[in-house]
Every structure is written in C-alpha cells, then in structure tokens.
1. Report the extension gain between residue 2 and residue 299 in nm, rounded to one decimal, defined as 0.36 nm multiplied by the number of residues separating them, less their alpha carbon distance.
2. Between residue 274 and residue 44, what's the calculated FRET efficiency when r is the beta-carbon distance and R0 is 22 Å? Round to 0.05.
3. Roughly speaking, what is the centre-to-centre gap between the stretch 268-325 and the stretch 189-236 when only Cα atoms are used, to the nearest Å?
4. Can you work out the FRET efficiency for the pair residue 227 and residue 330, with r the C-beta to C-beta distance and R0 = 41 Å, to the nearest 0.05?
5. Mind checking the full-extension length gain between residue 10 and residue 281? Use 0.36 nm per residue of separation minus the Cα-Cα distance, one decimal, nm.
6. Stretch residue 250-residue 202 to full length: gain in nm at 0.36 nm per residue minus the Cα-Cα span?
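Derivation of every value follows stated rules applied to the coordinates shown; laboratory data play no part. Just so we're clear, the structure is a prediction, and the values are computed from it rather than from any experiment. Virtual Cβ from ideal backbone geometry, glycine too; neighbours counted across all protein chains shown.
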C-alpha cells in the first residue's frame with residue numbers, strides 16, 4: 001500500500017512540474033515582449049543597406065535580417081547560430097549523405113589521363129578499315145560538281161537559242177499574247193484586292209457583333225449592379241453594421257498604436273531639379289507634423305537633385321495585447337453576422 005501511495009505521489013509531482021512548466025512557458029510567450037529594431041541607410045553615392053533585428057526573453061532568441069549586397073538572415077538561440085536551411089533539408093529528407101569535404105574538389109586537382117588503346121578502335125578508323133577518308137570524299141564531290149558545271153555550260157547555248165527562236169515565233173505569230181497576259185495580271189490583282197476587302201468586311205462585322213453582344217450584356221447586368229449597390233449601401237448604413245465597423249476600427253487603431261515604434265528617427269536630405277518640388281515636399285512634411293512630430297527631419301537641397309539619409313526605429317510587441325484585440329473582433333457575433341450579410345449568405349439562428 002505504501003508503494004502505491006509513493007507511486008501516486010511521484011506521478012502527482014511529475015504532473016505538477018509539467019503543468020507548471022507549461023504555464024510558465026505560456027506566461028513567457030504571452031507577457032514577455034518581442035523587441036524589434038530596424039535601421040537603414042541610403043548613401044549619397046547610391047548604396048543601400050538595411051537591417052531588422054528581433055529579440056525575445058533578454059535576447060535568448062534573436063533573428064536578424066540584413067540587406068546590403070544581398071539578403072542575409074541569422075537566427076541564434078542562446079548565442080548558438082541556427083541555420084534554417086539545414087532544418088528544411090532534414091525535414092524534406094533530401095539531406096546529402098556524402099560529407100561536404102568529399103564533394104569539394106580543388107581546382108586543378110583532377111589530372112587528365114592519356115587516352116588508352118581500346119580494343120576495336122582501329123576498326124573504327126577509316127584508313128585502317130580500308131574505307132575512303134573524309135578528305136577523299138570531299139575531293140570526289142568537288143570533281144562531280146565541276147563536271148556538272150561543264151555540262152551545264154555546254155547545254156546553255158542550245159537552251160538560249162531554242163528559247164529565243166520560240167519567243168520570236170510566239171511574238172510574230174501571236175501579237176495579242178502580250179496584251180492577254182497583261183489583262184490576266186490585272187484581273188488577278190483585282191481578284192486579290194476583292195478578297196482582301198471581303199476579309200476586312202467580315203472581320204469588321206465580327207468586331208461589331210462582339211461589341212453589340214458586350215453592350216447587351218452590360219445592359220442586362222446594369223439592373224443587377226444597381227441592386228447590389230443599393231443593397232450594400234443600405235447594409236453599411238444600418239445602425240448594427242455601423243456599430244460593428246466602429247468596433248473593428250477601434251481595435252485596429254489600438255493594435256497599430258501598440259505595434260508602432262516607440263522611438264523613430266528619420267533624417268533625409270531631399271533635393272530636386274525644380275526647387276518648387278522641394279518646397280512641396282517640405283509643405284507636406286509640415287502638414288503631417290501633428291502626427292509625426294520631430295521624428296522625421298527633412299533637410300532641403302535647392303541646388304541639386306538628391307535623396308539620401310538614414311532611419312532608425314525601435315519598438316516592442318506583446319502577444320497578449322495583440323491576441324486581445326484580434327480575439328475581441330473575431331469572437332464578436334456581430335462581426336460574423338456582418339461578414340455573412342456581405343457575402344449574401346442566409347442567416348440562421350438569428
């Protein structure tokens with residue numbers, strides 16, 4: 001019996017330790033803020049660089065994303081670097097079993113070995129097999145081409161004489177042949193142009209029919225569009241919908257105010273070819289002063305076109321605050337009612 005109580009006591013202690021660990025981890029995740037720092041620089045010469053750093057629990061876990069010549073990311077846990085790409089390879093099962101040092105081969109370490117005699121290689125040699133070489137074949141083809149050209153030159157005077165005599169007979173015996181050929185050529189041109197005109201007319205008719213069908217569809221859908229506009233306008237002007245929209249807007253503004261940087265510093269030097277443009281930029285900065293305050297400092301340059309400077313932002317995000325505002329919107333019944341009405345779904349259970 002005593003052994004049974006000892007086992008129960010041990011199991012209870014273990015369960016309490018596990019439960020306490022889970023509650024402690026949940027409290028750390030919810031209430032310990034994630035701190036972030038973003039900084040960047042836009043050089044006058046045209047260079048750009050930026051970096052974002054996230055840290056949690058006194059920098060026990062840090063993530064740094066940096067962009068200079070390329071995008072780099074570093075993840076550390078308690079100062080130990082972690083490489084996410086290795087985890088991805090292990091998860092996908094595509095890890096290379098061969099060590100990296102065996103796959104790396106230094107340049108110039110591989111030497112070319114002389115070609116060795118392969119049995120049967122002599123049989124592939126044309127000279128060794130008694131076959132004509134490529135040079136003999138080219139010479140034979142050149143001789144055949146020369147003989148063909150000589151034969152053509154001998155037959156040319158005969159063909160020219162026969163064609164000239166035949167042409168003379170045709171002109172003397174048929175004086176209306178040339179006019180007939182001209183008439184046939186003109187008729188063929190007229191026929192081709194008529195075909196082009198017919199094809200162009202057919203294409204124009206198809207285009208007009210398509211435009212007519214499109215206009216008919218728009219006219220048919222005009223009534224539906226008008227009904228939709230009236231439906232959504234009436235929905236968004238109802239008192240219940242306005243309350244839901246105000247609820248969403250209130251929590252969204254609070255969430256953004258919690259996430260926004262606690263410290264913000266932007267220093268820019270701005271210049272344009274036209275000094276009036278630089279003046280307009282300063283005017284816009286002055287209009288936004290009630291919201292941005294002295295966080296953004298713009299130095300004008302009225303002599304040349306330029307844009308350079310730097311920025312730095314620091315802030316923190318608590319998971320409990322973000323979850324509170326998100327859940328207040330998601331768990332509200334009116335939010336889902338408005339979403340269903342926007343999707344024109346039939347409401348059930350009120």
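1. In short, 98.7 nm is gained.
2. E(calc), rounded to 0.05, equals 0.65.
3. After rounding, the separation between the Cα centres reads 49 Å.
4. 0.85
5. 90.4 nm is the gain from fully extending residue 10 to residue 281.
6. 11.2 nm
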